[in-house]
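S.K.: Okay, here's the structure, questions in a sec.
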Amino acid sequence: MSNHDSGTSSRPARQPFAPMARGGRPATKRRYLAAIALTMATALTGAACSSGGSTDSADGPITLTFWVKTPFPDSEVLLGLWKKQHPDINIKMEIVSASGNTIPQAKLLLDVKADKAPDIAAFDTQYLPQFVTTGSVLDLKTVEGGNASSLASNYESWAWSTVQVGDGLYGLPIDSGPLSLYYRKDLFEKYDLPVPTTMDEYVESAIALHKKDPSVYLGNFPTNDASPFNALAWAAGSRPFTVKGNTWVVDIANDEALRVANTMQKLLDEKAVLTLPQFSSQWGQDLNTGKVASWISAAWAPGPLESVAPKTKGKWAVAPLPQWTPGTAASGSWGGSSAVVFKSTEHPKEALEFAKFITTNQQVWSDYWIPKITIYPTNLKAQKSEALSKPSSFFGGQKIYDTIAASNHSVARDFNYGPVANEWFTTEQNYLSQAVNGKMTLAEALKATQKSVVAYMRKQGLNVQEP
């Protein structure tokens, strides 16, 4: 379950939580109460209160509303597994799709404002701090008898850190998107290209390949989503948001992010990469016809690759992400989702139980998440699932999750998306697109994003400091 959605993107149905392009800002901007904003960076005492509903189990059958974003195929499999163990707790699915240029999470924010929040939701982890800022998300540590804090050992440590804001625990991680290099073995052999182990080698290979054959590109720099760039920056050591006392320190244009920008700028200047909207029909066609020889992407990438490039079956392989620092294993995550409980629920204990079920139950992973959604678990036991140890025919018999697992373990745990993820990603996407079109450099795009996001946060009443 991954990043962003927009009605303008074309996304394969097999990756329901994988990133989609962001087409624009939500129609209604969120204004946050200053009191909530001030507490968010520390203990978030206002948001850490227990739910207004009872924590006791209901005397009869109850119904919990579960919000997810489309597509969500074969959901009856998931709900059937739950019903077998919890016959008195019904789950009502609320599957929300994008509308125009409005991402589903934006609609959920509007529902929260209108006091129409669901009991539980599964959405992209990057938005979690933004929802916490509204004061609507339940601190799971406050659920009586839930023992949420004791669940930490079930999950990848870096993923567990992403669901904590201040002293609160505001969700349970579901999946992650560690980066790897997906590449065409046949094209690398044809053009005598070594599999790059560093980003410098990646740039050299991209330029060399395009000179050898101007009709072929090593990769694509998308114009409709900032997520891939920020995941690479994460791997390079970028930390755009940190907390200092009751203040958000915003450093989007930090040295590490600028290093990524300058590296990608070389590829743009040499016209050595495509600049297509990701998940567009043309993008998929170019993958299917061999015009694109590799894709730096997340753990959910095998699903969409099989969907959009069926003619290339057996020709792909997975390698570790080319490193920014030679000899240092470091990755970033593109996408990933979490299960959260809203404070308005009348059944917080049962809602937490469902969140635990969909993130830790091994049959859920083996029968639903892995085969139906092709996502990579943050749950440590599920990472050892037999379903992830099978050779992939699409990847020529390679056991691809061995490589993906190594990348997952190397994701840094101190990355923070900050409290205005939608504004940040949308603004950065717009500026990166301008850079691709030659109106500014990528480095200038980051600096413009920094200025815009800081101004936006201050307008919302958030305490902000720049380095």
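S.K.: Among Gly135, Gly146, which is the only one that is in contact with a helix residue (DSSP H, G or I) (Cβ under 7 Å, 6 or more places away or on another chain), under 27 Å from Ser333 (Cα atoms) and either modelled with pLDDT of 95 or more or buried (at least 18 other Cβ atoms within 10 Å of the Cβ) (or both)? Walk me through it before giving the result.
M.R.: Numbers: Gly146 fails: under 27 Å from Ser333 (Cα atoms).
Selected residue: Gly135, the only one of Gly135, Gly146 that is in contact with a helix residue (DSSP H, G or I) (Cβ under 7 Å, 6 or more places away or on another chain), under 27 Å from Ser333 (Cα atoms) and either modelled with pLDDT of 95 or more or buried (at least 18 other Cβ atoms within 10 Å of the Cβ) (or both).
S.K.: Another one. Which residue pairs have Cβ atoms under 6 Å apart, sit 6 or more places apart or on different chains, and have a first residue in segment 63-91 that is assigned by TED's automatic domain parsing to the domain that holds Asp367 and more than 25 Å from Gly336 (Cβ to Cβ) and a second that is of a type in the set (A, V, I, L, M) and surrounded by fewer than 18 Cβ atoms within 10 Å (Cβ to Cβ)?
M.R.: As it stands, the answer is Ile89/Ile62, since those pairs meet every condition given.
S.K.: Taking Pro322 as the residue in question, decide whether it is of a type outside the set (Phe, Trp, Tyr) and at pLDDT below 95. Spell out how you get there, then give the answer.
M.R.: Numbers: of a type outside the set (Phe, Trp, Tyr): yes; at pLDDT below 95: no.
In short, no.
S.K.: Within segment 75-128, count every residue that is buried (at least 17 other Cβ atoms within 10 Å of the Cβ), out of contact with any helix residue (DSSP H, G or I) (no Cβ under 9 Å at 6 or more places or on another chain) and modelled with pLDDT of 95 or more.
M.R.: 0
S.K.: Among the residues of segment 184-207, is any closer than 23 Å to Ala159 by Cα and surrounded by fewer than 23 Cβ atoms within 10 Å (Cβ to Cβ)?
M.R.: Pass one, segment 184-207, residues closer than 23 Å to Ala159 by Cα: none.
Within segment 184-207, not a single residue is closer than 23 Å to Ala159 by Cα and surrounded by fewer than 23 Cβ atoms within 10 Å (Cβ to Cβ).
S.K.: Another question, then. Which residues, taken from segment 438-455, are farther than 11 Å from Ile252 by Cβ and in contact (Cβ under 8 Å) with a residue 24 or more places away in the chain?
M.R.: Taking segment 438-455 first, the residues farther than 11 Å from Ile252 by Cβ are 438-444, 455.
Residues satisfying the conditions are Thr441, Leu442, Ala443.
S.K.: In segment 390-412, which residues are under 24 Å from Asp74 (Cβ atoms) and at pLDDT below 95?
M.R.: Once the filter is applied, which keeps residues that are under 24 Å from Asp74 (Cβ atoms) and at pLDDT below 95, segment 390-412 yields only Lys390.
Let's see how each residue does on (1) free of Cβ contacts under 8 Å to residues at least 40 places away in the same chain; (2) in contact with a helix residue (DSSP H, G or I) (Cβ under 6 Å, 6 or more places away or on another chain); (3) of a type outside the set (Lys, Arg):
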site	(1), (2), (3)
Gln282	yes, no, yes
Val292	no, yes, yes
Pro310	yes, no, yes
Gly314	no, no, yes
Ala329	no, no, yes
Lys343	no, no, no
Glu346	no, no, yes
Lys349	no, no, no
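S.K.: So, one more: List the pairs whose first member sits in segment 251-268 and is assigned by TED's automatic domain parsing to the domain that holds Gly237, whose second member is part of a loop (DSSP other than H, G, I, E, B) and among the acidic types (Asp, Glu), and whose Cβ atoms are under 8 Å apart, counting only residues at least 6 apart or on separate chains?
M.R.: Matching pairs, first to second residue: Asp251/Glu466.
S.K.: Among the listed residues Leu128, Leu179, identify the single one that is within 18 Å of Leu108 (Cβ to Cβ) and touching a residue at least 40 places away in the same chain (Cβ under 8 Å). Let's see the steps before the verdict.
M.R.: Values: Leu179 fails: within 18 Å of Leu108 (Cβ to Cβ).
The unique qualifying residue is Leu128.
S.K.: Looking at Ser366 and the list (1) more than 19 Å from Ala235 (Cβ to Cβ); (2) under 15 Å from the mean Cα position of the chain (by Cα); (3) small (Gly, Ala, Ser), which single condition is not satisfied?
M.R.: Result: Ser366 passes all but (2).
S.K.: For segment 180-221, which residues satisfy the criterion of being among the charged types (D, E, K, R) and either in a helix (DSSP H, G or I) or more than 15 Å from Thr312 (Cβ to Cβ) (or both)? Spell out the reasoning first.
M.R.: From segment 180-221, those among the charged types (D, E, K, R) are 184-186, 189-190, 192, 200-201, 204, 211-213; that's our starting set.
If the condition is that a residue be among the charged types (D, E, K, R) and either in a helix (DSSP H, G or I) or more than 15 Å from Thr312 (Cβ to Cβ) (or both), then Lys185, Asp186, Glu189, Lys190, Asp192, Asp200, Glu201, Glu204, Lys211, Lys212, Asp213 are the ones that fit.
The values are calculated or read from the model by the stated rules, or taken from the named source; none is laboratory data. Keep in mind that what you see is a predicted model, and the values were worked out from it rather than measured. We place every Cβ from the backbone using ideal geometry, glycine too, and count neighbours over all the protein chains shown.
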